[in-house]
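What follows is a short report on a single structure.
The values are calculated or read from the model by the stated rules, or taken from the named source; none is laboratory data. All figures in this text were calculated on a predicted structure; none of them were measured in a lab. Positions of Cβ are backbone-derived with ideal geometry, glycine not excepted, and every protein chain shown enters the neighbour counts. When the accessible area is computed, the model is the full protein with side chains, heavy atoms only, and any ligands, DNA or RNA have been set aside. Shrake-Rupley method; radii C 1.70, N 1.55, O 1.52, S 1.80 Å.
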Amino acid sequence: MFKIGDTIIYSSHGLCQIDDITEKTFSGVTKTYYVLHPVDNIQLQINAPIDNKTISMLEVMTKEQANEIFTLFTLPGIEWIEKNNQRTQIYSSIIKKGNRKEISKIINTLMTKKYELEQEGKKFPEYDRKLLLSTQKVLFADLALSLETTPEIIEEKVEKLLQICDKQTT
């Protein structure tokens, strides 16, 4: 259980701060809720049931975990699925589970595919672009907080690792 003041990773909102823990009653059912807001949007208030199993709420990773995630960008990512709908469904279901290692593999694959397509003068599919941006935002903010840097520096470091990986495989 998290405490008031904790910073966590909350689903697609990314870094959030817990402002309160309170009981609320909806439709005659009383539950305990975290009241939180995204770090980059203080106006947005989110009420999340503490016992919600469908939404991913994670502690911010440690430096050791962050460094372990970086090593995954030197390895091949997840398999690229040619069929758009199938790729979207599989990648999204993996991301919803909140496993950072698996999410980093998807980011690895999407960033690599985007780079390859750009080199061929082709367009990166729009849904893949949106998925990449949203997952990068969450994971790179988590990594940045853990390593006391910025998401932009994290992105640069990941791009360099992927280019190193790309050069080693060609």
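Things to note:
- Computed from backbone phi, the HN-Hα couplings of the stretch 45-58 come to 10, 10, 10, 10, x, 4, 8, 5, 8, 8, 10, 7, 10, 10 Hz, rounded to whole numbers (Karplus: 6.51 cos²θ - 1.76 cosθ + 1.60, θ = phi - 60°; Gly and Pro given as x).
- Global form of the stretch 45-91, assessed from the alpha-carbon gyration tensor, a/c cut-off 1.5: oblate
- Accessible surface of THR149, taken over heavy atoms with a 1.4 Å probe and every protein chain present, rounds to 50 Å².
- Sum of side-chain charges, ILE18 neighbourhood, beta-carbon under 13 Å (Lys, Arg +1; Asp, Glu -1): -3
- Rg and Dmax, both from the Cα atoms of the chain and both in Å, are 17.7, 62.
- The chain: calculated mean residue ellipticity at 222 nm from DSSP helix runs of at least 4, using -39500 (n - 2.57): -16500 deg cm²/dmol
- Net charge contributed by nearby residues that have their C-beta within less than 14 Å of ILE103 (K/R +1, D/E -1): +3
- In this label model, GLU126 and GLU148 are separated by 4.3 nm, measuring between points 7 Å along each Cα→Cβ vector.
- Cut-off under 5 Å, modelled amide H: who pairs with ILE21 long-range: VAL35
- Once all protein chains are placed together, ASP40 keeps about 110 Å² accessible to a 1.4 angstrom probe.
- Structure note, pairs LYS31/LYS137; LYS3/LYS24; LYS3/LYS63; LYS97/LYS160: Cα-Cα distances above 24 angstrom occur for LYS31/LYS137; LYS97/LYS160.
- Counting only protein chain heavy atoms and rolling a 1.4 Å probe, the accessible areas of THR135, THR112 rank, largest first, as THR112, THR135.
- 12 Å beta-carbon shell around TYR34, net charge (K/R +1, D/E -1): -2
- For the peptides 92-100, 138-146, the ranking by mean Cβ contacts within 10 Å, running from highest to lowest, is 138-146, 92-100.
- The stretch 6-59: equivalent-ellipsoid semi-axes (sqrt of 5 x gyration tensor eigenvalues, Cα, Å): 19, 12, 9
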